[in-house]
Amino acid sequence: MKLVRLPMLPVPSHEPLTDTRPSPVSLVLYATYSPATSPWGVRAWRWHIMAGQVRVGTISLREGDTHVITHLLGHIGFAVDAAHRGRGYAGLAVRALLPEAASLGVDAAWITTTPDNAACLRTLERIGCTFVEAVPIPPWYATWPKGERTKLRFRLPVPP
Ligand SMILES: CC(C)(COP(=O)(O)OP(=O)(O)OC[C@H]1O[C@@H](n2cnc3c(N)ncnc32)[C@H](O)[C@@H]1OP(=O)(O)O)[C@@H](O)C(=O)NCCC(=O)NCCS
């Protein structure tokens, strides 16, 4: 897989994702996992989400088509630090990650969330994800003890 250090660009205001101007967000790779070392048991990568020189969150890419990946965990996961929320950085980071997903030969990525995660749901809508279905979380899954019972599965086309 070709890992690209994406360019650092200035930070404008929170622009719509249809905007064709350069993204205010860049990604800096900081962890690469084999299936043996991965927290998810599959090959995976983690990037810092950068807004200019400031680290504002993390985004992960997980490889594979196991049930856990496609129905529970998703190929892509992200978090923006609380102090930096409200500027749409997560959606911009997903957009910035798509070339990496394409380099894995993925033509559409699964992203999952829970019904109560309004910020994530809006992020997924904003970046053009399609809602596919709600699935039950099995009791053996990591988030069951936290009370999570349902995952919502979204599909995001990955441009070649
Ligand atoms: C989900 C998350 C990454 C989004 O961070 P972000 O990019 O800063 O998102 P924003 O705060 O800019 O919100 C994105 C959109 O959701 C909306 N939103 C945020 N909180 C909301 C809420 N409580 N209710 C309704 N809408 C909300 C925002 O208004 C914005 O909408 P807009 O695009 O129409 O302006 C962040 O909330 C987070 O890290 N949460 C914890 C980890 C997590 O849930 N990760 C995702 C797992 S699927």
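Since every read-out is calculated from the coordinates, none of them should be taken as a lab result. As the structure is a prediction and not an experimental result, all values here were calculated from the model. Here Cβ is always computed from backbone atoms with ideal geometry, including for glycine, and neighbour counts include all displayed protein chains.
The residue 34 and residue 118 beta-carbon pair, evaluated with R₀ = 35 Å, returns a calculated FRET efficiency of approximately 0.50.
Can you check what the net charge comes to around residue 154, using other residues whose Cβ is under 14 Å from the Cβ of residue 154 (Lys, Arg +1; Asp, Glu -1)?
Details: positive: 122, 126, 151, 153, 155; negative: 125, 133.
Residues close to residue 154 contribute a combined charge of +3.
Relative to the longest principal axis of the Cα atoms of the chain, helix 89-103 runs at roughly 80 degrees. Here the Karplus curve 6.51 cos²θ - 1.76 cosθ + 1.60, taken at θ = phi - 60°, turns the phi angles of segment 53-67 into couplings of 8, 9, 7, 10, x, 9, 9, 10, 10, 10, 9, x, 10, 6, 4 Hz, with x standing for Gly and Pro.
Each Lys or Arg adds one and each Asp or Glu subtracts one; over the other residues with Cβ under 12 Å from the Cβ of residue 130, this totals 0. In the chain, helices alone account for a calculated mean residue ellipticity at 222 nm of -4500 deg cm²/dmol, with every DSSP H run of four or more residues adding -39,500 (n - 2.57). Placing unit charges on each Cβ (+1 for Lys and Arg, -1 for Asp and Glu) gives segment 25-157 a dipole about its Cα centre, and among 118, 97, 86 the Cα reaching farthest toward its positive end belongs to 86.
If you take the Cα centroid of segment 138-153 and the Cα centroid of segment 70-130, the two points sit 19 Å apart. Database remark: amide H of residue 81 closer than 5 angstrom to the amide H of 57, 58 (H placed geometrically; neighbours at sequence offset of 5 or more, or on other chains; Pro and chain starts carry no H). Overall, the chain carries a charge dipole of about 240 debye about its Cα centre when +1 sits on the Cβ of Lys and Arg and -1 on the Cβ of Asp and Glu, all other atoms neutral.
When Lys and Arg each count +1 and Asp and Glu each count -1, what net charge do the other residues less than 9 Å away from residue 111, Cβ to Cβ, add up to? The partial results should precede the final answer.
Working: positive: 153, 155; negative: none.
Residues close to residue 111 contribute a combined charge of +2.
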